[in-house]
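Undergrad: The structure is given below, and queries will be raised subsequently.
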Amino acid sequence: MRYNGRMLQVTEIFKSIQGESSHAGRPCAFVRLTGCRWCDTEYAFHGGRAMTRPQVLEAVEAFGLDLVEITGGEPLLQPAVHSLMQDFLDRRYTVLLETGGSLPLDGVPAGVHIIMDLKAPGSGETHHNRFENLQRLTFQDEVKCVVKDRADYEWFREILSRHRLDRFTQVLLSPVFGQLELRDLAEWVLADGLPVRLQTQLHKHIWGRDAIGV
């Protein structure tokens, strides 16, 4: 799929409860853009509909919320997303960007809260981690890692120490839903005294693992 700087290809716009990040539990508007590189929301890989930035803004403003997340797919594949994020900032929204971290973060407007994934070995995608993006992050932003087993956890623990992630940004750690028990992960974190925020995918606990548009 080819994108231009004027239009956005949008899979869905909806309101829900923020399921992850330090904003978990808050009502949030979501703009899910179409197109992906190695991400887990398969229905956002293709399709969607073309929308202008004003159309997206109007749809989100109808929800009456002050928190918006731009997600995907991989939202940074679309050039117009940078202007869209600035549009929301100009309207005094708190803006979250969920990104797989495989593309440069240089064009993300100041003021956007970046939530960047680190891909653990269990995902099969560690070769797509762009560690130089870490230099762009601050305590306003967050690094997130989802682990499926003890091997993933130990990989993450080593990355956390090597890059000293907690020294410059917030660090989030969660289990693959339905594959690793939250209690097991909690006990590992406590045993090692990791400086992380343990989280789960709250929206899946509320609506189920396969629900979409929530």
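The values are calculated or read from the model by the stated rules, or taken from the named source; none is laboratory data. Everything numeric here is computed off the predicted structure, so don't read it as measured data. Backbone-built Cβ (ideal geometry, glycine too); neighbour counts: all protein chains shown.
Undergrad: Mind listing just one residue for me: the one in region 99-112 that is buried (at least 20 other Cβ atoms within 10 Å of the Cβ) and in contact (Cβ under 8 Å) with a residue 60 or more places away in the chain and, of those, farthest from Ala24 (Cα to Cα)?
TA: Applying the filter and picking the extreme gives Ser102.
Undergrad: Among the residues of region 37-51, write down those that are assigned to a loop (DSSP other than H, G, I, E, B) and either at pLDDT 95 or above or surrounded by fewer than 21 Cβ atoms within 10 Å (Cβ to Cβ) (or both).
TA: Within region 37-51, Arg37, Trp38, Asp40, Thr41, Phe45, His46, Gly47, Gly48 qualify.
Undergrad: Among the candidates Asp106, Asp90, which residue alone is out of contact with any Cys (no Cβ under 7 Å at 6 or more places or on another chain), farther than 23 Å from Gly35 by Cα and acidic (Asp, Glu)?
TA: Sole residue among the options that is out of contact with any Cys (no Cβ under 7 Å at 6 or more places or on another chain), farther than 23 Å from Gly35 by Cα and acidic (Asp, Glu): Asp90.
Undergrad: If you don't mind, there's one more thing I want to ask. Given (1) out of contact with any strand residue (DSSP E or B) (no Cβ under 6 Å at 6 or more places or on another chain); (2) surrounded by 13 or more Cβ atoms within 10 Å (Cβ to Cβ), identify the lone condition not met by Arg164.
TA: Status for Arg164: all satisfied but (2).
Undergrad: Are there any pairs, at least 6 apart or on different chains, whose C-beta atoms fall under 6 Å, with the first in region 150-165 and farther than 20 Å from Arg130 by Cβ and the second in a helix (DSSP H, G or I), and if so, which?
TA: Here the result reads Tyr153/Trp188, each pair linking region 150-165 to a residue that is in a helix (DSSP H, G or I).
Undergrad: Out of the residues in region 156-202 that are among the β-branched types (Val, Ile, Thr), outside any loop (DSSP other than H, G, I, E, B) and under 27 Å from Ile17 (Cβ atoms), state the one that is nearest to the chain's Cα centre (by Cα).
TA: For region 156-202, the residue satisfying everything is Val171.
Undergrad: So, of the residues in region 112-150 that are of a type in the set (Val, Ile, Thr) and part of a strand (DSSP E or B), which turns out to be farthest from Leu96 (Cα to Cα)?
TA: Per the stated criteria, the residue is Val147.
Undergrad: Could you give every pair whose Cβ atoms fall below 6 Å, whose first residue belongs to region 197-208 and is closer than 16 Å to Pro27 by Cα, and whose second residue is among the aromatic types (Phe, Trp, Tyr), counting only separations of at least 6 or pairs across chains?
TA: What qualifies is Gln201/Phe177; Lys204/Phe177.
Undergrad: Identify, from the list Gly19, Gly5, the residue that is over 14 Å from the mean Cα position of the chain (by Cα), at pLDDT below 95 and in a loop (DSSP other than H, G, I, E, B).
TA: Exactly one of Gly19, Gly5 is over 14 Å from the mean Cα position of the chain (by Cα), at pLDDT below 95 and in a loop (DSSP other than H, G, I, E, B), namely Gly5.
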